[in-house]
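Student: Can you keep this structure in mind? I'll have questions shortly.
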Amino acid sequence: DVYKRQTQSFSSVIGIPLDQGKYVTCLLLSLFLASFYRFVHGKYVRHAYSLLLGLSYVYFLYGTEMIQTIIISLACYFLMHLLKGKCAIPVFILAFVGLEFIHVKRMIFDYGAWTLDISTLQMLLTCKITSLAYSYSDSFRKRESLMKYHQDHIVENLPNLFEYFSYLFFFPSVVAGPVYEFVDYAKFIEERDEYANVPSTVVPALKALSKNLIFLPLTIIVLPHFSIDFVITKEFENMSYISQYG
């Protein structure tokens, strides 16, 4: 309740709906919380840090709706474990059936709404799950039959459930992405190869943040004056090309 009241106040100040306020809050928090990775060491400690914060984000954003994503993710994991080298296509199908179930449910119960819902997260997880399934399936194929990229991202051993959910709910990307390969995530968590000595990320992060801080207020101020619905009206269609795009 405390977090909800604070987020409502934050949303009111910047003039956006509550769900979007929560979304922005998580994005900004990630900039701060991700910096602590420099001080968090040990494979399972880093996995726990990723997973606990990621689950906290998801619950904060979507509440008990997150149970649906956990069930779908578990079903896909056990299918990988069961089918091994033949898991890629079945997991792909199951993951997308789960995603479509969430989309159809939204269409039935909340058609036409513009509020944030669990389908946002499930689309990201679908990409991660299918990526892992194909990378694991590739480990059962002959190396010479694979492209170099696929060879570099083979998952020899299926991660345990703890590692699997840490990968899916990695908090810096659980809100808005990006999607990444499990092998790259494992290297980051275990601080090996190119992640053994990561230089300071403060300057790149501040550059990215400064761009967002410029475009965010522009979007909030300018967008209300240019309705997206206007582009499908007859009035817009009859305007000259210069007036439409100038």
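The values are calculated or read from the model by the stated rules, or taken from the named source; none is laboratory data. Small disclaimer: the values here were computed from a predicted structure and weren't measured. Cβ sites come from the backbone with ideal geometry, for glycine too, and all protein chains shown count toward neighbours. In case anyone asks, the SASA skips ligands and DNA or RNA and just uses the protein heavy atoms, side chains included. Shrake-Rupley method; radii C 1.70, N 1.55, O 1.52, S 1.80 Å.
Student: Six or more apart or on different chains, Cβ atoms under 8 Å: show the pairs whose first residue is in the range 186-207 and at negative phi and among the aliphatic types (A, V, I, L, M) and whose second is at pLDDT 85 or above and open to solvent by 90 Å² or more (accessible area, probe 1.4 Å).
Tutor: Val198/Arg38
Student: Kindly indicate which of Phe140, Phe109, Phe170, Phe165 is modelled with pLDDT of 95 or more and over 22 Å from the mean Cα position of the chain (by Cα).
Tutor: Details: Phe109 fails: modelled with pLDDT of 95 or more; Phe170 fails: over 22 Å from the mean Cα position of the chain (by Cα); Phe165 fails: over 22 Å from the mean Cα position of the chain (by Cα).
Of the residues listed, the single one that is modelled with pLDDT of 95 or more and over 22 Å from the mean Cα position of the chain (by Cα) is Phe140.
To keep it simple, each residue is scored yes or no on (1) open to solvent by 80 Å² or more (accessible area, probe 1.4 Å); (2) of a type in the set (Asp, Glu); (3) out of contact with any His (no Cβ under 8 Å at 6 or more places or on another chain); (4) modelled with pLDDT under 95.
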| residue | (1), (2), (3), (4) |
| --- | --- |
| Asp1 | yes, yes, yes, yes |
| Pro17 | no, no, yes, yes |
| Val24 | no, no, yes, yes |
| Phe39 | yes, no, yes, yes |
| Val45 | yes, no, yes, no |
| Leu79 | no, no, yes, no |
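Student: Return the residues of the range 86-95 that are out of contact with any Cys (no Cβ under 7 Å at 6 or more places or on another chain), open to solvent by less than 80 Å² (accessible area, probe 1.4 Å), among the hydrophobic types (A, V, I, L, M, F, W, C) and part of a helix (DSSP H, G or I); say none if nothing qualifies.
Tutor: Start the filter on the range 86-95 by keeping residues that are out of contact with any Cys (no Cβ under 7 Å at 6 or more places or on another chain), which leaves 86-90, 92-93.
Restricting the remaining residues to those that are open to solvent by less than 80 Å² (accessible area, probe 1.4 Å) gives 87-88, 90.
Within this subset, residues satisfying the condition of being among the hydrophobic types (A, V, I, L, M, F, W, C) are 87-88.
Across the range 86-95, the qualifying residue is only Ala88.
Student: Same structure again: Determine the pairs where a residue that is part of a helix (DSSP H, G or I), located within the range 46-61, has a partner that is among the basic types (Lys, Arg) and open to solvent by 20 Å² or more (accessible area, probe 1.4 Å) with Cβ atoms under 8 Å apart, the partner being 6 or more residues away or on another chain.
Tutor: Sorted first by the residue in the range 46-61, then by its partner, the pairs are Phe60/Lys22; Leu61/Lys22.
Student: Consider Leu132 against the criteria (1) modelled with pLDDT of 95 or more; (2) open to solvent by 40 Å² or more (accessible area, probe 1.4 Å); (3) under 20 Å from Gln68 (Cα atoms): it satisfies all of them except one. Which criterion is unmet?
Tutor: (2)
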